[in-house]
Amino acid sequence: MAEREKAGGAEQGAELNINLNQEVKRREDEMIRLRRDFHQHPELSFAEDRTSRIVADRLEKSGLKVRTQVGKTGVVGILEGNRPGRTVMWRADMDALPLQEDPDLLPFHSEIQGVMHACGHDAHTAIGLTVADILARYKNDLPGRVMFVFQPGEEVGGGARAMLADGLFKEGGPGGGRPDVTLGLHVGSLFPAGKALVKAGPLMAAVDTLAMTIRGKGGHAATPHLTIDPVMVACELVVALQTLVSREVPPMSAAVLTWGAIHSGTKDNIIPVEAHMMGTLRTFEPEVRRHMLERIETMSNHLAKAFRAEATFRVTESLPPVINDAALAARVWDSAIRALGTDGVIDGGQRMGSEDMSVFMEEVPGCFITIGAARPGETLRPHHSPLFAMDEICLETGVKVATQTILDLLPNR
Ligand SMILES: [Zn+2]
Ligand SMILES: [Zn+2]
């Protein structure tokens, strides 16, 4: 049995003196088993049926009030404390990626052809369930309310919005009202395992998904003078648009423009009618974002015209940047130190990846934490690659930081 003692002080997080090490140790084997089970049975965005069934079942067993099918396959578990306090939201995402895992890498590799947990969302789900189970044990002494949000569809960027559209933050909705704080974590295979990275302010970039169509005039490859070649225009555009980053964005500001896909043509001796480009724009500052979007459109229109072609530019999807609330990040930093010791917490660097946690954080101020998961002595195991792997010590680190942070933020102050 874990020890529970009152340490005095009105409604302080520290009042609930949970022996975190002991609580995590008792659940460690089960947490690893759960994570490996999710890893073996990965599910794509908005198809997390098996995962969400297990999540709902475990939350219910832990004694939480559970709502399913929030944002299609999302699950919400409410832990109602017995004393007055704030509402803290903890978010975990559940979806996997359309990737084929290297089957020789791990003994518990994916059993689903072409689907892989290559971003660590299996770990996020196992961590979230373990935190809920620990806190549920202290329900009677807990101030406030914890809203555990198991989100679908992070990798396609629509999961958080789908849950909000189902009334997650609405009075009487599945979350039981608006939270005061939003929290969540992501494991990071490029950061040292066992460490928590906490950063105030901008953390992850805004993303705009771009679609460009260049319309020319098709014809025989041997008579280019009778055609307008959209492939050549696409090539010119890719090069010219990069100058927006190098020549028009202030050097101390960040912007990335990548065209990840160009599709055109069917055969060597046919000049096609159209070329299609798909790209991504990453920025932090709204002004830089606005300028880039406007200039991509103007430059592509003008450049296409110069070659007698026509360009149509669209933004198909947008996510805001992840900006950690500064005051909150300072408190999370202290909580992480309480959970891991001073050596366990480092200042997390800004990066150009994106996360739809930002959609929740745009509604309610929050803090997104990174948990290091690099496997010592191994080559790089990057996210979104068939080689992705993590040091499972990150599960324990994640649970400790999450539990301590939630406990510290629940009291009214
Ligand atoms: Zn990912
Ligand atoms: Zn992810």
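The values are calculated or read from the model by the stated rules, or taken from the named source; none is laboratory data. Keep in mind that this is a model prediction, so the values were computed, not measured. Methodologically, a virtual Cβ is constructed for each residue, glycine included, from the backbone with ideal geometry; neighbour enumeration extends over all protein chains shown.
Evaluating Arg338 against the criteria (1) of a type outside the set (Gly, Ala, Ser); (2) within 30 Å of Met232 (Cα to Cα); (3) over 19 Å from the mean Cα position of the chain (by Cα) leaves one unmet condition, (2).
Let's see how each residue does on (1) crowded, with 18+ Cβ neighbours inside 10 Å; (2) modelled with pLDDT under 95; (3) assigned to a loop (DSSP other than H, G, I, E, B); (4) among the aromatic types (Phe, Trp, Tyr):
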| residue | (1), (2), (3), (4) |
| --- | --- |
| Lys267 | no, no, yes, no |
| His276 | no, no, no, no |
| Ile296 | yes, no, no, no |
| Lys305 | no, no, no, no |
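Within region 198-246, the residues that satisfy the criterion of being under 28 Å from the mean Cα position of the chain (by Cα), small (Gly, Ala, Ser) and either more than 15 Å from Leu257 (Cβ to Cβ) or at pLDDT below 95 (or both) are Ala200, Gly201. Summed over region 169-207, residues that are of a type outside the set (Gly, Ala, Ser), within 21 Å of Arg331 (Cα to Cα) and away from ligand 1 (no atom under 16 Å from the Cβ) total 11.
Among the numbered conditions (1) buried (at least 17 other Cβ atoms within 10 Å of the Cβ); (2) within 16 Å of Gly167 (Cβ to Cβ), the only one that Gly85 does not meet is (2).
The condition (being touching a residue at least 12 places away in the same chain (Cβ under 8 Å) and within 16 Å of ligand 2 (Cβ to nearest atom)) is satisfied by just one residue among Val149, Val131: Val149. One residue stands out among those in region 54-110 that are in a strand (DSSP E or B) and among the β-branched types (Val, Ile, Thr): the one that is farthest from Arg33 (Cα to Cα), which is Thr87. Scanning region 130-148 turns up no residue that is within 15 Å of Glu43 (Cβ to Cβ) and buried (at least 22 other Cβ atoms within 10 Å of the Cβ). Hey, can you tell me all the residues within region 97-128 that are among the hydrophobic types (A, V, I, L, M, F, W, C) and away from ligand 2 (no atom under 16 Å from the Cβ)? Listed by number, the residues that qualify are Leu105, Leu106, Phe108, Ile112.
The criterion of at least 2 residues that are surrounded by fewer than 24 Cβ atoms within 10 Å (Cβ to Cβ) and free of Cβ contacts under 8 Å to residues at least 12 places away in the same chain is met, among helices (runs of 4 or more DSSP H) falling completely within region 319-413, by 326-340.
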